[in-house]
1. Which cross-chain or sequence-distant (5 or more) residues have an amide H under 5 Å from the amide H of ARG9, H modelled 1.01 Å from N in plane?
2. Would you mind pulling out the separation of the Cα centroids of region 131-208 and region 67-88, in Å?
3. Among the trypsin sites (Lys or Arg not before Pro) in region 164-244, which ones are in a DSSP loop with at most 15 other Cβ atoms within 10 Å of the Cβ? Mind listing them?
4. How large is the dipole of region 40-172 about the Cα centre if only Lys and Arg carry +1 and Asp and Glu carry -1, each at its Cβ, rounded to the nearest 20 debye?
5. How about LYS206: which aspartates and glutamates have a C-alpha closer than 18 Å to its C-alpha, ignoring those fewer than 8 places off in the same chain?
6. Rg (Å, one decimal) plus Dmax (Å, integer) for the alpha carbons of region 1-108?
7. When a/c reaches 1.5 or more, the comparison of a/b and b/c decides; with that in mind, is region 45-171 rounded, prolate or oblate per its Cα gyration tensor?
8. So, counting K/R as plus one and D/E as minus one, what does the shell of residues with Cβ under 10 Å around VAL165 add up to?
Amino acid sequence: MATTPPARRLIGLSTKMYFSQSHNREVTQGFLTHLSSITAESLSDVDIFIIPDFVSLTETINLLKSSPVPIWPGAQDCHWEDSGAFTGEVSPAVLSEVGVKIVEVGHAERRRLFGEDDATVAKKAAAVSRNGMIPLVCIGEQTRGDIGVAVDECQTQVEAVMGGVPSTAEVALAYEPVWAIGASEPAGEEHVLRVVEGIRRLDCVKSRRGVTRVVYGGSAGPGLYERLKTGLDGLFLGRFGHDPERFVKTIREVAEA
Ligand SMILES: O=C[C@H](O)COP(=O)(O)O
């Protein structure tokens, strides 16, 4: 059976590279408007994050300051060093300085399109943690199929990261089966629950002293969390959170499930 998740849930959205800056502004403002229809009390056990593109990040941070509940600003990636001659890269120290709380590392698109391997992802996760932020480590199997194969693929990815992040530090794992990203519907709940159960049983996860939350991503949206709540701590949305009303609906579902 699935293990009992920790009390606080986690839900967030990445806009990847879909939006213009003006559209990001409209969506963020729309999100805050819809969020104001929910009482702060009903959101007291959930952490919410928004991850815009880098150019829109500081503007988003300022917009989120008017939220009645804390919304964590996030980043889609970072470098593993805090400073230096790394043209085009983004420093985790600067992300922390401007108020970022959570940073994605190892997204499937970074691994596939930009050649990031487990060692690179581990260095980035360590850098995020060293700078006082939470690494949101994206993991997942390449192809749809056997549960055991999926857990094995995730195990390699998780072990690499946990080797570089202190056991006491908070880590969030985003289980995103690669085949379910950008699809028309999420992976089936039985598949997700069984793979996540396997991930939680890994020694490098079980033995941690810091909080380790596991969220699901890959065509996630409204109506999904009710089916995953026994084994998942929350959701990580992409396209199906672009509409602020749908994103807030999903937040409400995660908070109330
Ligand atoms: O970063 C988010 C995930 O990759 C999911 O994206 P998606 O919901 O558009 O498939």
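Throughout, read-outs are computed from the coordinates displayed, never taken from laboratory work. This is a predicted model, so every value here is computed, not measured. Cβ atoms come from the backbone with ideal geometry, glycine included; neighbour counts cover every protein chain shown.
1. VAL46, ASP47
2. Answer, in whole Å: 22.
3. Answer in residue order: ARG201, ARG209.
4. 220 debye
5. Partners within reach: ASP152, GLU153, GLU159, GLU170, GLU197, ASP233.
6. When restricted to Cα atoms, region 1-108 yields Rg and Dmax of 15.3, 49 Å.
7. Because a/c hits 1.5 or more and a/b exceeds b/c, region 45-171 counts as prolate.
8. Values: positive: ARG130, ARG208; negative: GLU170.
Once positives and negatives cancel, what remains is +1.
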